[in-house]
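I have placed the structure first, in the form of structure tokens, so that the comments after it can refer back to it.
Every number here is computed from the coordinates shown, using simple stated rules; none is lab data. These figures come from a predicted structure and were not determined experimentally. Cβ: placed from backbone, ideal geometry, glycine included. Neighbour counts: every protein chain shown.
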Amino acid sequence: MAERRRMSYSVHREVLDEEAMDEMGQKSVSKTSLREKVKKSVRCSGHQMKSCLLGTVPILSWLPRYPIRENALGDLISGISVGIMQLPQGMAYALLASVPPVFGLYSSFYPVLIYFIFGTSKHISVGTYAVMSVMIGGVTERLAPDSKFMTWDNVTNTSIIDTVARDDERVRVAAAVTFVSGLFQLKYTFGVNPVRHNGPLSLIYTVLEICYLLPQSNIGTLVTSVITILGLIAAKELNAFLGKKIPVPIPVELIAIVIATVISWQFNLQQEYGVDVVGVIPSGLQPPVFPDTSVFGQVIGDGFALSVVGYGIAISLGRIFALKYGYKVDSNQELVALGLSNSIGGIFQCFTVSCSMSRTMVQESAGGKTQVAGALSAVVILFITLWIGSLFEDLPKAVLAAIIHVNLHSMMKQFLDIPALWKTNRVDMLVWVATFILTLLLNPDIGLAASIGFSLLTVIFRTQLPKYSMLGQVPETDIYKPLDEYHQVRQVPGILIFRSSATLYFANAEMYQEALNSKSGFDITKLLSAKKKLEAKKQRHEKKEAKRVKKELKKNGVDDFISHSNQNHVSVIEVDAERDPSLPRAIVLDLGPVNFLDTVGVKTLRSLSSHVSFCVFISASLCVCLGGVVDNLQTAGFFNDKVTKSCLFTTVHDAVLYCQSAIAQSQSMEYKV
């Protein structure tokens, strides 16, 4: 890269404080009242109504202008490819949600159409997602456990689970939590049925239960799982190798479930080897049923956690592709679109959906350019659900579990981010690890809340432990940098310039004052004590001098009235301590990093500005205050007759020049005396 040509500039102006800057810049003092804001927000015109309608229903703005020649073919290929992926993933993730596989197909149809109408991202693929399905599974297992539907068979002297009633109840629970809104799959891999645990540490208990039941594994199920996992991994590696040579990835998951279904049907794996299969898949769509409101109170916390996770995943992925292709994703509208997708989907007995990274990558790489691709994928799912869904009734559940394991394999690669985060930002790495551990131990819902709390604590700790610096001047410039970071920076004689890297509020106000005391070399508490002693000594001296003058006047025969009137004209000797040459003559507080001030922060600055300015030989100035900070100071009553806006300066250099001038004037007065 060629060396940048150095440029110079020269500006001649007066030193500007906040009052002079307001006058020169003609600061606006008019503020919009709350009444006017409300009136403006509810005002409705034809143009505003049209904008509101197009913003709420984005499809009305882009679909009439849809370029068929440019986008139709790519969206068609992309939609078919994503629809083919939705089939195995929807059925597999339904097992994660502890509901029959057919409801995974419903969840891949209704919400996708709703997002097609209300969404603003052109590329994300909405549908079932592993993390959301795991969270839903935890809720359905908690509110509809197997033990609730267990009956005793007197003929065989064993307990039997009414799976039909259980699945119906779990579907209702999943719909309710959706409306409010792959370790668990080991039992399908080994063919065992452990007791599902709920609450904190439930994952540990489930894993221990599975380990205990491993000797009872179904050999046929285990062999099916291992073969499917190895085949999927090999096929995905082949897909990665041929990624640039073929326009559309090979639908390995669809091929796997087709082959597995044929083998299971041909060799009767369920009857001969006890392999658990999907079972009856009803044809057609379910009629809309409003969720059971009686369980809303039990799932409202889970619904909030699901909404936070789903929205966070969707908006993050949407912004990545929006930045890549140069369009805007409306965050508020995305929240509305996902909320409607899940709420309306809950009425049609779907479980919570979000966007999937793998399907989104396929949708983008296959040429998808708009959400028409998503709508076409929903049409593919509709075709499968209405006509060919029953063909997959003999599909082993172990194959669906294997699909989940292989898809989770890509998520495990995120552990490779830990070394990179350690090098770039260790706090972010700590948040990553804490989120993983808390979610693992406390389940996704409680773990998510704990992770958010931990993340907020890191923010508070970082504001409580900012970097405090003394600034010095870069020679022959108006630039000021930390003295401990630059070797050529020099401290301005007699002036201490202090800066904190964080805002000033109740949590760090005391540390701010302590750091200033440490950097400046003086203790304000001691200075105040010395100030009080000097004032008391001065008052005693004045009283003593007044008595002496009064006695002299009485001796000379002057009446009390004259003596009283002359007391105001008695010269008083100022008694001041000798100045410590090591102490600064002025202090400049750089408030540039401060973006707001609370009541405690304002009190801290008021204490510093008032006490320091009245202490011996020391004055205080503030500089580089943001507009909001000045408003905070004014609203909190920081300014008075003695402390005005003239102590605020637009730049550090303005404050330094003013302090140098004030120090020079005070020294000249000392010399005259």
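Indicate the gyration tensor shape class of segment 44-143 (rounded, prolate or oblate), computed on the Cα atoms with a ≥ b ≥ c the square roots of the eigenvalues: a/c under 1.5 is rounded; otherwise a/b larger than b/c is prolate and the rest oblate. Spell out each step's value before the answer.
Working: a/c = 3.95, a/b = 1.62, b/c = 2.43.
Taking the square roots of the gyration eigenvalues as a ≥ b ≥ c, segment 44-143 is oblate.
State which entries of Lys533/Lys645; Lys423/Lys467; Lys39/Lys122; Lys245/Lys369 exceed 25 angstrom in Cα-Cα distance in the structure shown.
Lys533/Lys645; Lys39/Lys122
State whether segment 425-464 is rounded, prolate or oblate according to the following rule on the C-alpha gyration tensor (a ≥ b ≥ c being the square roots of its eigenvalues): a/c under 1.5 gives rounded; otherwise a/b larger than b/c gives prolate, and the remaining case gives oblate.
Oblate.
In debye to the nearest 20, how big a dipole does segment 203-315 give about its Cα centre with +1 on each Lys and Arg Cβ and -1 on each Asp and Glu Cβ?
Magnitude of the dipole: close to 500 debye.
Normalising by the residue count of segment 425-464, find the relative contact order in percent from Cα pairs under 8 Å and 6+ residues apart. It would help to have the intermediate numbers written out before the result.
Working: 21 pairs, mean separation 13.8, N = 40.
After rounding, I find 35 percent.
What is the gain in length, in nm to one decimal, between Ala546 and Trp387 on full extension, counting 0.36 nm per residue of separation less the C-alpha to C-alpha distance? Before the final figure, lay out the partial values.
Numbers: separation 159, 0.36 × 159 = 57.24 nm, distance 11.10 nm.
46.1 nm is the gain from fully extending Ala546 to Trp387.
For the pairs Lys31/Lys328; Lys31/Lys603; Lys244/Lys324, note any where the Cα-Cα span goes beyond 24 Å.
Lys31/Lys328; Lys31/Lys603
What distance in nm separates the simple spin-label points at Leu76 and Gln539, each placed 7 Å from Cα in the Cβ direction?
9.6
Assigning unit charges at the beta carbon (Lys, Arg +1; Asp, Glu -1) and nothing else, what dipole magnitude in debye, to the nearest 20, does segment 237-376 show about its Cα centre?
It works out to roughly 700 debye.
Scan segment 456-517 for chymotrypsin sites (Phe, Trp or Tyr not before Pro) in coil per DSSP, keeping those whose Cβ has at most 16 other Cβ atoms within 10 Å, and list them by number.
Tyr486, Phe506
Please give, to one decimal in nm, the separation of the simple spin-label points placed at Val223 and Ile460, each 7 Å out from Cα toward the Cβ.
In this crude spin-label approximation the distance works out to 5.9 nm.
Report ³J(HN,Hα) in whole Hz for each residue of segment 42-50, in order, from the Karplus equation J = 6.51 cos²θ - 1.76 cosθ + 1.60 where θ = phi - 60°; Gly and Pro get x.
8, 5, 10, 10, x, 5, 5, 5, 5
Let me have the relative contact order for segment 381-518, percent, based on Cα pairs under 8 Å that are six or more residues apart.
14
So, in nm, how far is label Leu242 from label Ser294 when the simple model puts each one 7 Å beyond its Cα toward the Cβ?
Between Leu242 and Ser294, the label points sit 5.4 nm apart.
With a ≥ b ≥ c taken as the square roots of the eigenvalues of the C-alpha gyration tensor of segment 284-331, please select rounded if a/c is under 1.5 and otherwise prolate if a/b is larger than b/c or oblate if it is not?
Since a/c reaches 1.5 but b/c is at least a/b, the shape of segment 284-331 is classed as oblate.
Would you mind calculating the relative contact order of segment 58-128 from Cα pairs under 8 angstrom and at least 6 residues apart, reporting the percent as a whole number?
Relative contact order for segment 58-128 comes out at 34 percent.
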